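> Sharing a structure, written as structure tokens. Questions coming.
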Amino acid sequence: MGQSGRWVMMARRGENIRKRKDGRWEGRFLKKNEAGRKVQGSVYGRTYQEVKEKLIREKAVQNEKEMSLAEQMIREKEDTFSRISDDWFETVQSGLKLSSIARYRNILDNYILPEFGFKRIIDISRDDVLTFSSNLLMAGGKKGKGLAPKTVSGILSVMKNVMDYARNVKCVPVISFDGISVKQSQKQLRVFSKDEQKIVSNYLMRDVTPIKLGVLLVLYTGMRIGEICALTWGDISFAEKSLHVGKTMQRIQLPKGSRQRTKIIIDTPKSDCSVRDIPIPNAVFQMIIKSRRPDECFFLTGLEQVFMEPRTLENHFNSMMRACGIKGATMHTCRHSFATRCVELGFDIKSLAEILGHASVAITMNRYVHPSMDLKQQNMDKLSGFLGGK
């Protein structure tokens, strides 16, 4: 026999129960120490059966600990921002337009998940969000030159929606986004001067093509670029001398892994108020009558199944502006110019808001109802009457 403490016999193969030289029985098992490393543990008894029972109980305890640890790891994985954002997205996407789905997915994949995806959502602090927002403004984007405040505001809005979902649906104690915002300054609108508008109008009315007629229609109805691209001749009411805006065209980004990076979609406008009927000015309407095409044809091409996307129309517009000698204008300048001319002519603001497809009169007021320098000068000249000496 060996020294005290050595195994003297094996009760059954594979059970790790041995009888010691001192007469006691010992059973050995694996357990984890405080550092998480596996070490050997032992139980003792006077009989083989007693040790066997103790060993069974001890292994059950260790298995339960292992299961608890595994459950904890799974739960921590479930509580990551990535996992909860997936659940949120699954919940809301059925009620979203394709364009909104693509925009949210793009924001999550390109901005939020690279920063917070593998973090537990409860560990994300307000300071984390504020730092994230600041970095996007200063160095965000593919070129690292910073993103526009409006873009960053949209990113934070998506992140807030995920956090609200975590709090209200998952009952996870996450931070509040109250007070977290991005200040957005009102950009100066590029509007054609009256002289510029005459130059552009005269150019568009010479040698009329479907594209020129489309730009002219935007200039005198205030349509958005996606709306004119999606317009078909069937949307023109020749009896009512009006057009119906019920769809819009845009290029959306596809999820990562798709064969194509983007695709063109034609869908309903972004809001219910954007679905509208717009009266057409008589002079423009007479030109439309002369160019009439079958209802199924797109307005900008005069062809069925062949459309012109917004990016292509913008390129054509840029060429037109170079021909007119006008700088700094985009297709959206036509919409701004239409609204500005309407305000200058004294349009009813409620009617103008509906023509533009604004959700409220306040949007129209804040964006376009600003007196021009000419109007300011006219009002100032009224003070001259006090200098007459009478």
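The values are calculated or read from the model by the stated rules, or taken from the named source; none is laboratory data. Not measured: the values here are computed from a predicted model. Every residue, glycine among them, receives a Cβ derived from its backbone with ideal geometry; neighbour counts consider all protein chains shown. Heads up: the accessible areas ignore ligands, DNA and RNA and are worked out on the full protein's heavy atoms, side chains in. Shrake-Rupley method; radii C 1.70, N 1.55, O 1.52, S 1.80 Å.
> So how do ASP267, ASP195, ASP295 rank on accessible area, 1.4 Å probe, biggest first, that is with the largest at the start?
Result, largest first: ASP195, ASP295, ASP267.
> Also, I was wondering about something else. Over region 258-304, with the other protein chains present, what is the accessible area per residue in square angstrom, probe 1.4 angstrom?
Result: 65 Å² per residue.
> Please report the relative contact order for region 234-310, taking Cα pairs under 8 Å with a sequence separation of at least 6, and give it as a percent rounded to a whole number.
30
> Excluding ligands and nucleic acids, what accessible area in Å² is computed for ARG224 using a 1.4 Å probe, to the nearest 10?
50
> For the chain, which DSSP H helices look membrane-span-like by this rule: Cα extent along the axis of 18 Å or more and mean Kyte-Doolittle of at least 0.0?
126-139
> Moving on. Leaving ligands and nucleic acids out of the surface, order HIS316, HIS358 by accessible area at 1.4 Å, largest first.
Output order, biggest surface exposure first: HIS316, HIS358.
> To the nearest 20 debye, what is the magnitude of the charge dipole of region 303-370 about its Cα centre, counting +1 on the Cβ of each Lys and Arg and -1 on the Cβ of each Asp and Glu?
The dipole magnitude comes to about 280 debye.
> Summarise the accessible area of the chain (1.4 Å probe, protein heavy atoms) by the percent that is carbon and sulfur.
51
> Continuing with the same structure: Which loop GluC sites (Glu not before Pro) in region 215-299, with loop taken from DSSP, have no more than 16 other Cβ atoms within 10 angstrom of their Cβ?
Details: sites: GLU227, GLU240, GLU296; in loops: GLU240, GLU296.
In loop regions of region 215-299 (DSSP not H, G, I, E or B), the sparsely surrounded GluC sites (Glu not before Pro) are GLU240, GLU296.
> Among all the aspartates and glutamates, which ones have a C-alpha under 16 Å from LYS376's C-alpha, if same-chain residues fewer than 8 places away are not counted?
Within reach: GLU344.
> Lys/Arg Cβ at +1, Asp/Glu Cβ at -1, dipole of region 291-390 taken about the Cα centre: which of PRO294, THR333, ILE355 is farthest positive-ward?
Farthest along the dipole direction, towards plus: THR333.
> Report, by chain and number, residues whose modeled amide H sits under 5 Å from the one on VAL172, excluding near sequence neighbours (fewer than 5 apart, same chain).
ARG167
> Read through the labelled values [x] 35.5, 135; [y] 21.5, 66; [z] 27.0, 86 and report the label of the one computed as Rg and Dmax of the Cα atoms in Å from the structure.
Correct label, based on the coordinates given: [x].
> At what distance in angstrom do the alpha carbon centres of region 78-125 and region 312-390 lie from each other?
Here the two parts' Cα centres lie 40 Å apart.
> Would you please give the residues with an amide H less than 5 Å from that of THR80, counting only those at least 5 places away or on a separate chain, with H modeled from the backbone geometry?
ILE121
> Amide H to amide H, which residues 5 or more places from LEU303 or on other chains are under 5 Å from it, using H placed in the peptide plane?
Distant-sequence amide H within range of LEU303: PHE298.
> Here's another thing I want to ask about it. With springs only between Cα atoms under 10 Å apart, run a GNM on the chain and tell me which of ASN110, ASN16, ASN202 wobbles the most.
The residue that fluctuates most here is ASN16.
> Can you give me the Rg/Rh ratio for region 230-367, using Cα atoms for both radii and the Kirkwood formula for Rh?
The Rg/Rh ratio comes out at 0.98.
> Under the rule of -39500 (n - 2.57) per DSSP H run of 4 or more residues, summed and divided by the residues of the chain, what mean residue ellipticity at 222 nm is obtained, to the nearest 500 deg cm²/dmol?
-14500 deg cm²/dmol
> Students often get this wrong: which residues of region 302-333 have the backbone nitrogen under 14 Å from the point 7 angstrom along Cα-to-C-beta of ALA283?
Answer for region 302-333: none.
> Could you derive backbone 3J(HN,Hα) for region 179-185 from the dihedral phi with the Karplus parameters 6.51, -1.76 and 1.60 (θ = phi - 60°), listing whole Hz in sequence and x where the residue is Gly or Pro?
Rounded to whole hertz, the list is x, 9, 8, 10, 6, 10, 7.
> Okay, next question. If you build a Gaussian network model of the chain, linking Cα atoms that sit under 10 Å apart, which residue out of LYS119, LYS150, LYS21 swings the most?
Taking springs between Cα atoms under 10 Å, the residue moving most is LYS21.
> Could you identify which residue out of GLN40, GLN286, GLN184 has the top mean-square fluctuation in a GNM of the chain using Cα springs shorter than 10 Å?
Among GLN40, GLN286, GLN184, the largest mean-square fluctuation in the Gaussian network model of the chain belongs to GLN40.
> Treating only the Cβ of Lys, Arg, Asp and Glu as charged (+1, +1, -1, -1), what charge dipole size does the chain show about its Cα centre? Round to the nearest 20 debye. If you can, show how the numbers build up before the last one.
Working: 65 positive and 42 negative charges, 408 e Å.
Dipole about the Cα centre, nearest 20: 1960 debye.
> With a 1.4 Å probe and all protein chains kept in place, how much accessible area does VAL39 have, in Å² rounded to the nearest 10?
Accessible surface of VAL39 is approximately 50 Å².
> Provide the per-residue ³J(HN,Hα) series for region 109-118, in order, calculated from phi with Karplus coefficients 6.51, -1.76, 1.60 and θ = phi - 60°, each as a whole number of Hz, with x at glycine and proline positions.
5, 9, 10, 7, 5, x, 8, 10, x, 9
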